[in-house]
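Worksheet: one structure, shown below.
The values are calculated or read from the model by the stated rules, or taken from the named source; none is laboratory data. Being a predicted model, the structure only gives us computed values, none of them experimental. When we count neighbours, we look across all protein chains shown, and the Cβ atoms used for this are built from the backbone with ideal geometry, even at glycine. Side chains are part of the model used for accessible areas, which takes the heavy atoms of the whole protein and leaves out ligands, DNA and RNA. Shrake-Rupley method; radii C 1.70, N 1.55, O 1.52, S 1.80 Å.
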Amino acid sequence: MPIILFDIDGTLVRTGGAGKAAMEQALTSAFGVAELRDDVKYSGRTDGAIGRDLLVVHGIEPTLANQHKLRDAYLANLPGHLRERGGEVCPGIPALLAHLAAQPGAVLGLLTGNVRVGAQHKLAHFGLWDYFVCGGFGDDRYERDDVARAALAHTVAHLGRDVAPADVWVIGDTPHDVTCARAIGARAVAVATGWHPLDELAGCAPDLLFSDLSDHTKLLAAWA
């Protein structure tokens, strides 16, 4: 079995907008922002880049101290918004993770723009956090390619051996997931369970493309 790195939002779970709501509340609680502007894109980006851009858009100096202040307020708000909004696990994910976790040699990790604590909040809320043993996160990283490099490095450290990039698969729901897989020489699976439709994802030329993972027999066959 290969090394499989999963994105979170729109791939493993859908939080009903809890992350965005927590970030916007953080702007208000930490910086007193009274009028929120919806000018920053969230999909496929790191929390670091989103937070930096939110500060700029709202006229706040994006110093590292201010970015960390926003992040800390976001993390304090996130569990409450997860409880309020409910959300759901994406189709097929529980069965896929349970199957993979039982396979000898399978390595399950994360490659996500979420900061690590935020990722843990989201996945623990849905009972999925304990499946993952390594990964790369969006803490103080602004580009998904850098997160991919960190995920690969952490995987190598976790395993204690070199990893052939061709043995790594990245599963995600955005064009950024495909491009960051390519940045480390990994193969890419795109799944249209987030904000990006099949035809847009197909244009990124992933190795495999699915509308969802409710029937993952083709995916498992590719890894056999």
Per-residue [θ]222 nm for the chain (sum of -39500 (n - 2.57) over DSSP H runs n ≥ 4, rounded to 500): -14000 deg cm²/dmol
Where N is the number of residues in the chain, Cα Rg divided by 2.2 N^0.38 Å: 1.00
Accessible surface, per residue, of region 103-222 when the full set of protein chains is kept, probe 1.4 Å, Å²: 44 Å²
Ordering of 5-18, 86-99 by burial proxy (mean other Cβ atoms within 10 Å per residue, highest first): 5-18, 86-99
Cα→Cβ-extended label distance, 7 Å offset, between ASN66 and ASP199, nm: 4.1 nm
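I need the peptides 213-222, 50-59, 188-197 ranked by packing, meaning the mean over residues of other C-beta atoms within 10 angstrom, with the highest value on top.
On the way: 213-222: 13.8, 50-59: 18.5, 188-197: 21.7.
Packing order, densest peptide first, comes out as 188-197, 50-59, 213-222.
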Segment LEU220-ARG149, length gained on full extension (0.36 nm per residue, minus Cα span): 23.1 nm
Convex hull of Cα atoms in region 102-175, direction-averaged projection (nm²): 5.6 nm²
Computed lengthening from ALA106 to ASP130, 0.36 nm per intervening residue step minus Cα-Cα distance: 7.2 nm
Computed over region 2-121: relative contact order in percent, which uses C-alpha pairs under 8 Å that are six or more apart: 48 percent
For region 1-52: Kirkwood Rh in Å [reciprocal of mean 1/r, alpha carbons]: 12.9 Å
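Using only the Cα atoms of region 35-153, build the gyration tensor, take square roots of its eigenvalues as a ≥ b ≥ c, and label the shape rounded, prolate or oblate: rounded if a/c is under 1.5, else prolate if a/b is larger than b/c, else oblate. Walk me through the numbers before you get to the answer.
Working: a/c = 2.49, a/b = 1.64, b/c = 1.52.
Prolate shape, in that a/c is at least 1.5 and a/b is the bigger ratio.
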For region 70-121, the fraction of alpha-carbon pairs in successive 10 Å shells from zero, as %: 18, 39, 31, 11, 0
Whole-angstrom gap from region 192-221 to region 94-158, using each part's C-alpha centre: 19 Å
Ellipsoid semi-axes in whole angstrom, largest first, where each is sqrt(5λ) of the Cα gyration tensor of region 98-224: 20, 18, 16
Modelled FRET efficiency - R0 45 Å, ASP167 with GLN120, Cβ distances, 0.05 increments: 0.95
Inter-site label distance for ASP212 and ALA157 at 7 Å from Cα along Cβ, in nm: 3.7 nm
